[in-house]
Amino acid sequence: MSVTLTIDGRGVTVRSGTTIWEAARGAGIAIPTLCHDPGLEPVGVCRMCAVEVEGARVMAASCVRLAEPGMVVRTASEKIERCRAMLTELLMSEQPDVSAKERTTADDELHALARRYGVRPRLRRGAARPRDDSSPVIEVDHQACILCDRCIRACNDVQHNDVIGRTGKGYRARIAFDLDQGMGDSTCVSCGECVAACPTGALVNKPISAPLRPRAELAAIDTVCPYCGVGCALTYHVDEAANRVVFAEGRESPGSRGRLCVKGRYGFDYVSHPHRLTRPLIRIDYPKRALSSEVESSRRERRKPGGIVDYDEVMPAFREASWDEALDLVASRLREIRDRSGSGALAGFGSAKCSNEEAYLFQKLVRAVFGTNNVDHCTRLCHASSVAALLQMIGSGAVTTTYGDVENSDVVLITGSNTTSNHPVAATFFKDAARRGTKLIVVDPRHSGIADHAWRFCRIRSGTDVAFYNGLMRVIIEEGLTDADYIAEHTTGFEEIERAVKAYTPERVSGICGVPAALLREVAIAYGEARAAITFWGMGMSQHVHGTDNCRCIISLALMTGNVGRPGTGLHPLRGQNNVQGASDAGLIPMSYPGYQPVTSEAARARFEAAWDAKLDPQTGLTSVEIIEAARDGVVKGMYMLGENPFLSEPNVNEVRKGLAALEFLVVQDIFLTETAEFADVVLPATSALEKTGTYTNTDRRVQIGRPALAPPGEARLDWEIICEISTRMGYPMQYDSASEIFDEVVSLTDSHSGLRHDNLGATGKLYPCPNPEESDGTVVMFGDGFPTGDGRARFVAAEHSGADELPDAEYPFILVTGRVLEHWHTGVMTRRSRALSALVPEAFAEVHPEDCERLALEEDGFVRVRSRRGEVTLRVRKSVDTQPGSVFIPFHFREAAANVLTTDKLDPDGKIPEFKFCAVRLETADL
Amino acid sequence: MNAIEELNALQESRGWLSEEDLRALSRRTRIPLYELEGISSFYPHFRRTPPRPLRVGACRDLSCHLRDGGRARRQLASLCAGRDDVEFEEISCPGLCDAAPASLVNGVPAAPEDVARYVEDPSSAPREETVPAPRRWQTDPYAGPEDHYGELRARVESRDFDGAIARIADSGLRGMGGAGFPVGRKWELVRSEPATPKYVVCNADESEPAAFKDRVILEELPHLVIEGTALGALAVGAEAGWVYIRHEYRRSRQALQRAIDDAYRRGVLGENVCGSGLRFDLRVFVSPGGYVLGEETALLEALEGRRGEPRNKPPFPGACGLRGQPTLINNVESFAQVPRVLRTGRADLKFFSVSGDVRNAGVVEVPLGTRVREVVERCGGMRDGKELLAFLPGGASTAFLPADRADVALDWEPLAAAGSALGAGAIVIVGAGADLLDLAGNLTAFFREESCGKCVPCRIGTEKAVVLIERREEKGLGLLPELNEALLETSLCGLGQVALTPVLSVLEHFPIGNDGSRR
């Protein structure tokens, strides 16, 4: 239905439900406003957009007044201008002398209106209102606040962090955080959405790595966030003379829709940290040993409670070298090991932080030049088991739909995912859905932030996922809630599941999982009855010795209810790294070439041998944990490590230390001297994501271009160039002019990407497969008409509950669960060098239930020694009811108390993923 | 329970809202902390500090101000000063203008001379108010309790609600809350809305300075309020309703609740209204306080458990009210008039709250069109033999008229023609000697205090106006018309739109004195 009205004498036709403000904007008439932002629900509180409506008693706020047929509107008149000037004058009479926004980015919207209306101070200045400096990233000046409520809506309606509201009433009303705490003392998660929304100097960013400057004086670089797999589109505002990012802003995209989290918005300054490597380094300190005390031993006395590596301690072991010298040394040593001990003596770890182009070239180097498939990266540590199960059952390892597709679901299963910390922006869409009444079922041993938004939260015991989902499936079958047509048309092997889940009665499952049988039934029925159910999962599912089984169960659940292949349905393992999807797509895994073409397939091998003009190894290579073990055992002798830090990210650090120390030759290519680099013979200074062009594929399969915002420091070189140099010096010339040219080669060998080019990815990338990139954003929902399996059908695979590898006992009575926190990333190499992020969470901690604390006499902020059969760490205690009694949660970002000193390196037999989410530990009070 | 009900329950059990309790409440209910903060800081009823044994409140608003309330407040304040078992606060008009200057002890009205005694011995403070015996009012068409609800009974029997609405419309009955919207038309609009369920709300949040007629109606004629509300509900097709009553009206609440209980017992309310098979449930919702809650959409926000900030209109509550459903909202008196209107077809009586410089302030029931001069006489004439200087015919949101207009008929059109309004039927009589600029400033200050703060013009404009009036500089006062234009044209609700009406009328009608006063 459309509505025709008259605005300023012109006939305007708009869709019914359009506001006057929108209608005017569509007609090219700009009506001033302060409280309105087209991305937020209009509230009509600033009244600046008031217009005259013929026949009305008083003027109307056009941002909230809907257009009506025949309405006659005037958007400008002497009276309107007088009123707007008066409103501006009222607001200005309450402002501080200096607007923090004018002082910084110089884009204060109120001051712009004051200039427009020539406001002179005629009214007495209002009473002073406080400033709040408690947040490390945001400066709050209540005096400058005009109560437009934009921050409130940004916080509560966009990010659903539910922190900001109004306190008080009338003239004394203010915005407030929680129960009127300081912002930094509240539950604020520093996403900065409020700052992005604020039109005045009330909420402004604090400087991160350079003084804030007027927006107009800065270069705006549209690129992609370097952190997680959500792949938020953002813009860096860069001071080119200083070569610094001044601030970051979310950028409109069909995926992230302009939202960012604390890491994306405030965590970019690591790239400008003085620790950046700027020249190649060659080791002079032999025999090789760990250099920093934290890396040398977890038992050594710690000098300080937290912090990054002390370069004074480690740098004397190296000397600076020229690129030529360093590259020649690398090439000759690797070649020498290969020629002496065979290709199998070499291995490479690439990185999911690097681009598709870099991942592709790296695996090409290892396969075509090293001559081995011993190439892997941290996907092994995150979703290897998910991918194994997906490939086995539906023939594709990528997500079947996007996180944004949740808006079409009526039931959402989120399991083993601390979404609000690890995929914060994806979580905002889940929270949107929950707000709209979509039923969120959260299954997790730990009460993470997303559980606060759950319709039902099932707090299962750690490691009992298979039993839980078998129980769920049994109820669904029993209640007749399976989709028989779907099963018949699109699957095989359903009988196997029917048989397998029979024994999992809700009562028995309740006993295993610790979840009431009635709750199990209730969520099973909700999922079974859903019109469209979607499943998101994280590492709580995958990082177990039965991780593949866990994933098989949720895949079976989706298949038996027909919840794949339609809008709002699907399987979505939330990918961790910004490019873990892309790195795997590009073949940075030991079992397949780009596009998941198995190395064991004759046809695939022939294709790549032809394309690369090289003889390729027909054997599947070793996976990451296996490579470290092989190094320890002397089988792997030489390694090329590009951007990975296995010393902190692999399980059982004490064994990793042995493995790294045993290598004859290790070259590490990175932007900082990592813990792993302490064992390097050569360290090559690389470029960060902010300094180069490349594509990154997010969790949705969205291939996006990252663009350089900064010049690399010193002599640091592009990663793909370094790979080419090493390859060429090893006798296999690699020659590319640009990342774009490399991408074309990737696409030529990866059918799912066909048609994509750097120049058609556009501002916000494309979801592959994307047959028509000039016209379309790509494919959201996959497999509506069958699966990429031999027979086009998905295959059910049953699983039995088996339990964790190392169960608690009298000596080690606690379950250790490792994970991450919102503010940090992986081994902390980046985030601990970010001023804001490290200020927010400066050091390691162990989360322990208050009851356990009481029993063990552990004090909040006191120290606890956590000991496993493999090692021990000492760190601060944080009491929290989020962790179950009998469990302890430790984030693995912190080198001074590396959680992976404790973890077990037992692997899932299919995914080869270690069991990071379960091992037995004991807790003791400790002094430090 | 919504957030307000949760906070009410928490405060009921703990006496106040501690941070610890609020955090526990948030964890249990998942109501975010910011909402609890927003609500508990918005409504005066909620306390974030532990209460002291004796709490003294003194009214600062117009009718009390006129009766030397300033001095009374200062005396009470000094009486309470230095006592850690006594707290004193200035409060907005509690609707006790007939007992001006009004004060409350632990929420119970108390004469200032008694307060001293209670402060001396807090244990002697009264817990309950005494309810005076109801008087006989012409608006009540019934001879005695046994006849009550006769019109309702007749209508449910005949099912002729269209006829009822037509009769109300024909009578010319207009809304008595202030805006004067025709009652019959409002009912018709809500009746014709297709969406269900529908709701009905009786607005008993009378909080405008000098207005207290609804209090008396609730205390003495609660059955008429219930009957009118039930008739409205059945006429529009609502099965549930609320009486939204200000928390200070404890006596009214008791009387109303007793009458509601009685109506349920008699089968007048509930699942089978008067044996008709129609359902109507009526509950009392106690407002956590604030004048702005009388604004119908702010009231709805409060009923839904949020800060009482008015909504942008349209949509109007008749189409999109409580929980987004069609909602009929009428004032206490509007509903109370309905039985007589249905019986007689006439809507010619009006209740007025009369306060200020009259001998016997109180509620009078007179025919519409009665002259102000006659009302003054009904109230025993001018106090202390003062000359009439000016009067406020409709309450805080209407314009002052000078004494030479005292023959104006108290009715909608004549008052509008005279440059003022019938408003909420709150007449304030001002005798010679008063400084009208001071009185208007007092009213402006009331609007500033009671502004919800949602929209810019009202939130800041009322504050700036108070300052300009206090400073009394010609130049500053000269800004008021311009400020008034912005408030009138752009404020989100009626509160801001009318906030400067009284002061502008004073500047218009009354000459400036040597001391800057207006007399």
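The values are calculated or read from the model by the stated rules, or taken from the named source; none is laboratory data. A quick note: this is a predicted structure, and the numbers were derived from the prediction, not measured. Cβ: placed from backbone, ideal geometry, glycine included. Neighbour counts: every protein chain shown. All accessible areas refer to the heavy atoms of the entire protein, side chains included, with ligands and DNA or RNA removed. Shrake-Rupley method; radii C 1.70, N 1.55, O 1.52, S 1.80 Å.
Among the residues of region A:547-559, is there at least one that is over 20 Å from A:V399 (Cα atoms) and either of a type outside the set (S, T, Y) or open to solvent by 10 Å² or more (accessible area, probe 1.4 Å) (or both)? No: zero hits.
Going by what's in this entry, would A:E294 be described as outside the structural domain of A:V425 (by TED's automatic domain parsing) and surrounded by fewer than 23 Cβ atoms within 10 Å (Cβ to Cβ)?
Judged against the criteria, A:E294 is not a match.
When you scan region A:234-349 for helices (runs of 4 or more DSSP H) that lie fully inside it, which ones turn up with 2 or more residues that are within 30 Å of A:C724 (Cβ to Cβ)? Where helices (runs of 4 or more DSSP H) fall fully within region A:234-349 and carry at least 2 residues being within 30 Å of A:C724 (Cβ to Cβ), they are A:311-314, A:323-341. From the list A:L816, A:L923, A:L840, the one residue that fits, being more than 21 Å from A:S385 (Cα to Cα), open to solvent by less than 40 Å² (accessible area, probe 1.4 Å) and either of a type in the set (A, V, I, L, M) or not assigned by TED's automatic domain parsing to the domain that holds A:P445 (or both), is A:L923.
Among the residues of region A:894-915, which ones are out of contact with any helix residue (DSSP H, G or I) (no Cβ under 7 Å at 6 or more places or on another chain) and open to solvent by less than 10 Å² (accessible area, probe 1.4 Å)? Selection gives A:F894, A:A897, A:A899, A:L902, A:T903, A:T904, A:E915. The number of residues in region A:161-185 being touching an Asp or Glu at 6+ places or on another chain (Cβ under 7 Å) and more than 8 Å from chain B (Cβ to nearest Cβ) comes to 2. Taken residue by residue, region B:28-37 has at least one member that is free of Cβ contacts under 8 Å to residues at least 24 places away in the same chain, open to solvent by 50 Å² or more (accessible area, probe 1.4 Å) and either within 14 Å of chain A (Cβ to nearest Cβ) or touching a Leu at 6+ places or on another chain (Cβ under 7 Å) (or both). Checked against (1) open to solvent by less than 10 Å² (accessible area, probe 1.4 Å); (2) hydroxyl-bearing (S, T, Y); (3) closer than 23 Å to A:N654 by Cα, A:T827 passes all but condition (1). Restricting A:G471, A:G480, A:G511, A:G540 to those that are closer than 28 Å to A:F916 by Cβ and surrounded by fewer than 24 Cβ atoms within 10 Å (Cβ to Cβ) reduces the list to A:G511. Checking region B:82-99 against the condition returns no match, with no residue being within 25 Å of B:F212 (Cβ to Cβ), modelled with pLDDT under 95, in a loop (DSSP other than H, G, I, E, B) and more than 14 Å from chain A (Cβ to nearest Cβ). In region A:499-601, counting only helices (runs of 4 or more DSSP H) that sit wholly within it, the ones holding 3 or more residues that are in contact (Cβ under 8 Å) with a residue 12 or more places away in the chain and among the β-branched types (V, I, T) span A:547-560. Does B:A445 satisfy the criteria of being among the aliphatic types (A, V, I, L, M), within 14 Å of another protein chain (Cβ to nearest Cβ) and either open to solvent by 10 Å² or more (accessible area, probe 1.4 Å) or not in a strand (DSSP E or B) (or both)? Answer is yes for this residue.
Checked against (1) among the hydrophobic types (A, V, I, L, M, F, W, C); (2) touching a residue at least 40 places away in the same chain (Cβ under 8 Å); (3) surrounded by fewer than 20 Cβ atoms within 10 Å (Cβ to Cβ), A:A220 meets all criteria but (2). For beta carbons closer than 7 Å, sequence separation of 6+ or different chains, a first residue in region A:69-97 that is under 20 Å from A:R57 (Cβ atoms) and a second that is surrounded by 23 or more Cβ atoms within 10 Å (Cβ to Cβ) and of a type in the set (K, R), the qualifying pairs are A:L87/A:R47.
Would it be correct to say that B:L62 is in contact with a strand residue (DSSP E or B) (Cβ under 8 Å, 6 or more places away or on another chain), hydrophobic (A, V, I, L, M, F, W, C) and either within 14 Å of chain A (Cβ to nearest Cβ) or within 22 Å of B:D438 (Cβ to Cβ) (or both)? Yes, satisfied.
When region A:132-149 is filtered for residues that are hydroxyl-bearing (S, T, Y) and either within 14 Å of chain B (Cβ to nearest Cβ) or without any contact (Cβ under 8 Å) to a residue 40 or more places away in the chain (or both), nothing remains. Residue under question is B:L492, and the condition is that it be of a type in the set (A, V, I, L, M), within 28 Å of A:V43 (Cβ to Cβ) and assigned to a helix (DSSP H, G or I); does it hold? No. Being more than 7 Å from every other protein chain (Cβ to nearest Cβ) and closer than 10 Å to B:P457 by Cα is the filter; apply it to region B:481-490 and report the residue that is surrounded by the most Cβ atoms within 10 Å (Cβ to Cβ). That would be B:L487. In region B:342-376, of all residues being in contact (Cβ under 8 Å) with a residue 60 or more places away in the chain and part of a helix (DSSP H, G or I), the one that is surrounded by the most Cβ atoms within 10 Å (Cβ to Cβ) corresponds to B:L342. When the test is whether a residue is at pLDDT 95 or above, over 26 Å from A:E193 (Cα atoms) and charged (D, E, K, R), A:R47 does not pass it.
Close Cβ contacts (under 7 Å, 6 or more residues apart or on different chains) running from residues in region B:392-403 that are in contact (Cβ under 8 Å) with a residue 60 or more places away in the chain to residues that are open to solvent by 10 Å² or more (accessible area, probe 1.4 Å) and among the β-branched types (V, I, T) comprise B:S397/B:V498; B:S397/B:T501; B:T398/B:T501; B:A399/B:T501; B:L401/B:V408. Considering region B:310-341, the residues that are farther than 28 Å from B:P393 by Cβ and part of a helix (DSSP H, G or I) include one that is farthest from the other protein chains (Cβ to nearest Cβ), namely B:L322. Just one residue in the set B:R405, B:R472 is at positive phi and surrounded by fewer than 24 Cβ atoms within 10 Å (Cβ to Cβ); that residue is B:R472.
Go through region A:33-52 and give me each residue that's within 11 Å of another protein chain (Cβ to nearest Cβ) and open to solvent by less than 40 Å² (accessible area, probe 1.4 Å). Once the filter is applied, which keeps residues that are within 11 Å of another protein chain (Cβ to nearest Cβ) and open to solvent by less than 40 Å² (accessible area, probe 1.4 Å), region A:33-52 yields A:L34, A:C35, A:V43, A:G44, A:V45, A:C46, A:R47, A:M48, A:C49, A:A50, A:V51, A:E52.
Can you tell me which residue within region B:451-480, out of those that are of a type in the set (D, E, K, R), within 7 Å of chain A (Cβ to nearest Cβ) and in a helix (DSSP H, G or I), is farthest from B:Y43 (Cα to Cα)? Within region B:451-480, the match that is farthest from B:Y43 (Cα to Cα) is B:K464.
For beta carbons closer than 7 Å, sequence separation of 6+ or different chains, a first residue in region A:460-487 that is closer than 14 Å to A:V443 by Cα and a second that is among the acidic types (D, E) and at pLDDT 95 or above, the qualifying pairs are A:V466/A:D549; A:V466/A:E800. Considering region A:200-217, the residues that are outside any loop (DSSP other than H, G, I, E, B) and touching a residue at least 24 places away in the same chain (Cβ under 8 Å) include one that is most open to solvent (accessible area, probe 1.4 Å), namely A:A216. The set of residues from region B:38-59 being within 11 Å of chain A (Cβ to nearest Cβ) and in contact with a Phe, Trp or Tyr (Cβ under 8 Å, 6 or more places away or on another chain) comprises B:I39, B:S40, B:R48.
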